[in-house]
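What follows is a single structure, written as structure tokens, with notes after it.
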Amino acid sequence: MTGSDADDPEAPRGCLGCSGDGPPPPATGPADGPGADPHAARRAEVAVATGFLASTAGAIGLAVVYWRGGQPQLEGLFLALALGGLGLGFVLWSRRFMPHQPVVEARHPIASTEEEIDRFRDEFEQGEVILTRRKLLVRTAGLAVGALGAALLFPLRSLGPRPGKGLKETPYGRGVYLVTADNQRVRAEDVNRDGVLTVFPEVAADPEEAEEPPRPEHQADSSTLLIRPSGTPRPQRGRDGWTVDGLVAYSKLCTHVGCPVGLYQADTHLLLCPCHQSTFDVLDGARPVFGPATRPLPQLPIGLDAEGYVVAEGDFAAPPGPGFWDRDR
Ligand code: FES
């Protein structure tokens, strides 16, 4: 508005970018805007609601698959349907029902003309229709978002109970026998010079006789290499007496990502992990000397019982296997 317009009380009131007669009618507008084709608006409304309903169906399918135990391909399919339907609904909604140009608020003379009053009445009545349609869209959108949110609660179940001390302790303890894979106790002389034997903690043959039922995952976690190196192992600080009769015992699980460390190079006293070539020095507390592993293989303190069988003198010096979120030793 120019300075002269402002001084002239008879000058028509307008807006920036508008002529004195008010804003120009939009070239294109929302499907449910004034003057829109009601059939086109109905089709657009059905398309948006269909997107939301497809999303709802996908979310329900996702919840059912989770509930029945999960299946990765189906979960991916239903999640794609739920997210795709939701996205399609919102995109169509914005394209078909939102204004396509900047909205300006026109300033009109206070007294409305008959023509403006009629137009307002038309728009108001049209607005009632718009509000009714928006209710349907809002409800179907709410249904889709709610269903997807409920379906995504199911993965929380798969987090399961916390493992407690299960990752930090094994069945080894003072006096637990070391046995071979066929459950035979081991004598010191069963391991030759430069020899390696894979052993496990002995568990009761009859679960009823055990203080607690044997847990297979503990047996797997506690596989142990019993080695008789030709050199003399250098005891780590505070670990005097952890070896017996030239035998030393280490966890068989690589501390990188848990592969079994099965290759022993007797002439160099090195244990090699076949997965990513981490190498551990048997004479130096199974310290990693090469490869991605950063922690030594946990050592097991061992001794002999009165009959010469090898027994554990306690649990591993550290949790066996790779790292986890609250590993503290
Ligand atoms: S698991 Fe042993 S080096 Fe990676």
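The values are calculated or read from the model by the stated rules, or taken from the named source; none is laboratory data. Keep in mind that this is a model prediction, so the values were computed, not measured. Note that each Cβ is placed from the backbone with ideal geometry, even for glycine, and that neighbours are counted across all protein chains shown. What goes into the accessible areas is simple: the full protein's heavy atoms, side chains included, and nothing from ligands, DNA or RNA. Shrake-Rupley method; radii C 1.70, N 1.55, O 1.52, S 1.80 Å.
If you count, for each residue, the other Cβ atoms within 10 Å and average over each peptide, how do 47-53, 148-154, 252-258, 112-118 line up from highest to lowest?
In descending order of packing, they fall as 252-258, 47-53, 148-154, 112-118.
For the pair V91 and E115, what calculated FRET efficiency results from E = 1/(1 + (r/R0)^6), where r is the Cβ-Cβ distance and R0 = 30 Å, to the nearest 0.05?
Step by step, r from the Cβ atoms, then E = 0.20.
Quick check: at a probe of 1.4 Å, how many percent of the accessible area of the stretch 230-329 sits on carbon and sulfur atoms?
Within the stretch 230-329, the accessible surface is 53 percent carbon and sulfur.
Given a 1.4 angstrom probe, what's the average accessible area per residue across the stretch 132-192, in square angstrom? Please report the intermediate quantities before stating the final value.
Numbers: 3890 Å² over 61 residues.
In whole numbers, the stretch 132-192 has 64 Å² accessible per residue.
What part of the accessible area of the stretch 74-184, given as a whole %, is carbon or sulfur when the probe is 1.4 angstrom?
63
Hey, rough spin-label estimate for L74 and A150, points 7 angstrom out along Cα→Cβ, what's it come to in nanometres?
With each label placed 7 Å out from Cα toward Cβ, I get 1.8 nm.
What ranking do 183-194, 272-283, 304-315 get when scored by the average of other Cβ atoms within 10 Å per residue, highest first?
Sorting 183-194, 272-283, 304-315 by mean packing, highest first, produces 272-283, 304-315, 183-194.
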